[in-house]
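The structure appears below as structure tokens.
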Amino acid sequence: MRNERHIVGGHGSDVCAPWSWARRARPVKNERLPADKEPRKRWTNVMIGMGVGLCLVLVSGCRLDMHDQPRYKPLAPSRFFPDGRSARPLVKGTVARGHLRLDDHFYTGKVNGQLVDTFPFPITRQVLERGRERYNIFCAVCHDRTGSGRGMIVERGFPHPPSFHIERLQKAPVGHFYDVITNGFGRMYSYASRIPPRDRWAIVAYIRALQLSQNATLDDVPPKERAKLLASSAAGDGGAGADEQGSNGTRSTTDDRSRTKNHE
Ligand code: HEC
């Protein structure tokens, strides 16, 4: 060949493809070029290629991203835990964030298991008004607006609740009312999911106000209003007014219903 120091590799000639000639040219056996010029031997390239390939295969097998990690599907069985459940019960004493309820008085209406007879925060006019609003929304449908227990739902067949003005409930501690709202009572269901604790206390305060209002004497009325009341009862319409308020002069009991019927 023209160049005695090189063998032509492959099919091209330096005329039609000079680059392939240059690349494929190999030194004559035993000739030594400077270290940086020494072309790599073919088998070395093959080895490197295989090595890289192997690494890629191995590395792709090791891939463990967050979206592809070992996990259980919800409620899937588990062979790891003795009870066979992958859904683990909460550790004893676990408290959900924002649900640490250390104030027993406020949250349960009890202290050391005993119903309290005091409110956990001061009762202001604002609290009472809030209580009246909540009471009229949630309780009046059965207990009616005065608390005598003749609400609309009861009139249509729901079991008759006792009046709040019977002696037992007059004397019941405020914690009892809070407890009834929170946990329900007999046929009355719990309102815990609908009325937050502070509103429950506001309702209890309003029930206390209702109890006072239904058992008030003339001495409890401010002198200015007293004169008006006396004048109206002298005119003969005092009785009807009292009926509307549901006081009826006697304390209401479960036979209120028949009494109402008689009035109608
Ligand atoms: C759907 C009708 C209904 C509603 C609404 C309702 N109650 Fe009652 N409530 C009852 C009935 C019925 C009873 C009697 C339960 C029994 O003795 O089995 C009762 C009983 C009570 C008692 C008496 C417990 C006792 O010691 O005898 C209280 C106090 C009370 N309710 C408070 C409330 C308050 C406060 C609300 C509003 C947050 C409310 N209830 C809403 C039906 C209702």
Query raised in the report: Highest mean first, what order results for 89-100, 73-84 on Cβ atoms within 10 Å?
Result: 73-84, 89-100
**Report entry** Inter-label distance, nm, simple model (7 Å from Cα along the C-beta direction), Arg85/Lys73
**Finding:** 2.0 nm
Report summary line: Arg156 and Leu128 label points (each 7 Å along its Cα→Cβ direction) are spaced in nm at 3.3 nm
Query raised in the report: What span do the alpha-carbon atoms of the range 78-192 cover on each of the three principal axes, reported in whole Å from largest to smallest?
Result: 60, 37, 26
Query - Proxy reagent accessibility, fewest Cβ within 10 Å first, across His143, His176, His105 - result: His105, His176, His143
Query raised in the report: For the range 41-146, rounded, prolate or oblate, judged on the Cα gyration tensor with a ≥ b ≥ c (square roots of eigenvalues), a/c < 1.5 rounded, else prolate if a/b > b/c?
Result: prolate
Query raised in the report: So who's got an amide H within less than 5 Å of the one on Arg85, skipping anything under 5 residues away but keeping other chains? H placed 1.01 Å off N, in plane.
Result: Ser78
Report task. Any chance you could run the full-extension gain for Ala227 through Thr94? It's 0.36 nm times the residue separation minus the Cα-Cα distance, nm to one decimal. Result -> 41.7 nm
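Read-outs throughout are calculated quantities, based only on the coordinates presented, and are distinct from any laboratory measurement. Quick caveat, the model's predicted, so the values are computed rather than measured. Quick reminder, even Gly has a Cβ in these numbers, built from the backbone with ideal geometry, and neighbours come from all protein chains shown.
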